[in-house]
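The values are calculated or read from the model by the stated rules, or taken from the named source; none is laboratory data. Everything quoted here is computed from the prediction, not taken from an experiment. Cβ coordinates were reconstructed from backbone atoms using ideal geometry, including for glycine residues, and neighbour counts include every protein chain displayed.
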Amino acid sequence: MVFTSFRLPGEFGGLAPINILPGEVAGDSGLTTETYQFFFSDFIYIEIFLKSFAVATFTTLICIAMAYPLALLIARSRKKFRNLMIMLVVLPFASNFLVRIYAWMIILGPESGLSHFINGILAFFGIAPVTLLFSPFAVLIGMVYVHLPFMILPLYTNLEKHDPILLDAAQDLGANSWQRFWYITWPQSLPGIFSGSALVFIPVLGMFAIPDILGGTGDIMIGNLIKDQFLGTRDWPFGSTLSIMLTLAVLGTAGLFSRFARTRNPV
Amino acid sequence: MLHRQTALWIVSILVYAFLYIPLIIVVVFSFNDSKLNAEWAGFTLHWYKALLNNHEMLLAARNSLIIAISASFLATTLGTMAGLAIHRYKLKVLPILAFTPVAMPEVLLGVSLLLFFLQVLNLTLGMLSIIIAHTTFCIGFVAIIVRARLQGMDESIFEAARDLGATPWQTFHQITLPLIRPAIIAGALMSFTLSIDDFVITFFTKGVGEPILPIQIYTMIKVAVTPEVNAISTLLMLLTLTLIIIATRFDTSMLRGESK
């Protein structure tokens, strides 16, 4: 059995300290930490990082809220329905990523039914009309929309394994349905929640297409910044620095998540 | 108990609606006789016809197909090997190597591939670089699917074969391969879908040359939104939908195997 791993991407770490500037602009050679200093010098970069983390956090939380009921329902359904329901969750994922974002452009666009509806209500209260598109709100919706299946599936996988006997026992002992959920289902589902969160949080950190298409000029995230550095201003060392920062953030978060996602013994 | 079930049902249906309505809108408006994606003005196939006359788009479609076929072929071969290896040799480093491209933010993958191609390989960006890039992240997916399939299999079959005197190659060829064939096919279809749909990584590794389908769509979205975008989106959706349905027919365990 031949195992080939030579196709994996090479490490880009070395470039950040080395000032090599391909393209028209010539740079000085040699190692320097100049780019890192530049990164920390202007608060705006840190701000963008923090903003990206915020977006990722909110997206993850909203995904958990939306995914949990659905995953619970599927896990509790009869076996023959489950595959169909899971398939229904996965199918939208089959559409092109850009298409899913584009769909929200339509829904949130200024001429759309939704906009007219909401602005109509606002006008009734005498509030000026708002643009739904090109806003943090739109970015958030886009992020949730694209990543929701990633939260539903791991959560479902976890919930499916729960033993209903525990719930029966609790009911016999007099617990009401909220208590049953909070003391039995929820703790057992935590590893699933963390797996799903990892699959949502980490990709969201690096996203740039969604802020690019659905967000306004003030909504850029780390991903946009990196992309601009590499394909726009061609400041590759700085782009690499940003990438390394992002990698560190990702590794840190992934480490945190995997510690919590390890299956724990049920009560 | 029934009361709680009802509440769950209501929320779930809302979530399903949330997932599907945007896509339905895209499809519906692709037949809309109006430039704006606003109100329904009448049924037309005009946008689909416009697509067929759009040379850039056709070229992009052709390129994307070539890339997808090549990448899925390579990724399936290598990914199957990887899946088998991970299952066989319990080294911790193997899964990490194969699965990292799957879990990391695509920007990082795109950037590192870009740098890798230019700095290390000195490769001119073009179709080949895209194919390599797509293969890279598809290997992980195929490996996951194949490994999941292998994990569910009974080891004693292989032992029995060896007891009966089969050589490793015979064991592999006549027993392992047929047993994992559903996973391989599912993996191939999955890779194809991922490759056709991929935007971020293609964006970074494509260079200035030929048009690629998702990039074309992106440009259309950013520059001039017309329902042509809806039309091509609908067609793409049909394609990937068909492929995924076929893939899951072959290997339903793939649906569970999404997470590591």
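Restricting the stretch B:79-102 to residues that are touching a residue at least 40 places away in the same chain (Cβ under 8 Å) and of a type in the set (Val, Ile, Thr) leaves a set whose member that is nearest to B:THR171 (Cα to Cα) is B:THR80. The condition of being more than 9 Å from every other protein chain (Cβ to nearest Cβ), closer than 26 Å to B:GLU210 by Cα and either part of a helix (DSSP H, G or I) or not aliphatic (A, V, I, L, M) (or both) holds for B:SER129. Just so you know, in the stretch B:213-231 the residues that are of a type in the set (Val, Ile, Thr) and out of contact with any Phe, Trp or Tyr (no Cβ under 9 Å at 6 or more places or on another chain) include one that is nearest to B:LEU65 (Cα to Cα), and it is B:THR219. From the list B:PHE43, B:PHE31, the one residue that fits, being buried (at least 18 other Cβ atoms within 10 Å of the Cβ), modelled with pLDDT of 70 or more and either among the aromatic types (Phe, Trp, Tyr) or out of contact with any Leu (no Cβ under 7 Å at 6 or more places or on another chain) (or both), is B:PHE31. Candidates B:ALA148, B:ALA160, B:ALA143: the one that is within 11 Å of chain A (Cβ to nearest Cβ), assigned to a helix (DSSP H, G or I) and over 23 Å from A:LEU205 (Cα atoms) is B:ALA143. Somewhere in the stretch A:109-124, is a residue of a type in the set (A, V, I, L, M), more than 21 Å from B:PRO227 (Cα to Cα) and surrounded by 15 or more Cβ atoms within 10 Å (Cβ to Cβ)? Within the stretch A:109-124 (the criterion being of a type in the set (A, V, I, L, M), more than 21 Å from B:PRO227 (Cα to Cα) and surrounded by 15 or more Cβ atoms within 10 Å (Cβ to Cβ)), the answer is yes, since at least one residue qualifies.
Would you confirm whether or not the stretch B:178-199 contains a residue that is closer than 16 Å to B:ALA71 by Cβ, within 14 Å of another protein chain (Cβ to nearest Cβ), touching a His at 6+ places or on another chain (Cβ under 6 Å) and not in a loop (DSSP other than H, G, I, E, B)? Among the residues of the stretch B:178-199, at least one is closer than 16 Å to B:ALA71 by Cβ, within 14 Å of another protein chain (Cβ to nearest Cβ), touching a His at 6+ places or on another chain (Cβ under 6 Å) and not in a loop (DSSP other than H, G, I, E, B), which makes the answer yes. Condition check for B:ALA61 on (1) within 14 Å of chain A (Cβ to nearest Cβ); (2) without any contact (Cβ under 8 Å) to a residue 12 or more places away in the chain; (3) surrounded by fewer than 22 Cβ atoms within 10 Å (Cβ to Cβ): one failure, at (2). The single condition from (1) closer than 24 Å to A:ALA198 by Cβ; (2) modelled with pLDDT under 80 that B:HIS173 fails is (1).
Criterion applied to B:LEU74, B:LEU123 was being assigned to a helix (DSSP H, G or I) and not β-branched (Val, Ile, Thr), and the one residue passing it is B:LEU74.
With a requirement of 3 or more residues that are crowded, with 16+ Cβ neighbours inside 10 Å and polar (S, T, N, Q), the helices (runs of 4 or more DSSP H) lying completely within the stretch A:144-227 that satisfy it span A:186-206. Residue count for the stretch B:228-243 satisfying the condition of being crowded, with 24+ Cβ neighbours inside 10 Å and more than 10 Å from every other protein chain (Cβ to nearest Cβ): 1.
Suppose the filter is within 11 Å of another protein chain (Cβ to nearest Cβ), among the hydrophobic types (A, V, I, L, M, F, W, C) and either within 20 Å of B:THR234 (Cβ to Cβ) or more than 27 Å from the chain's Cα centre (by Cα) (or both); does A:LEU98 pass it? In short, yes.
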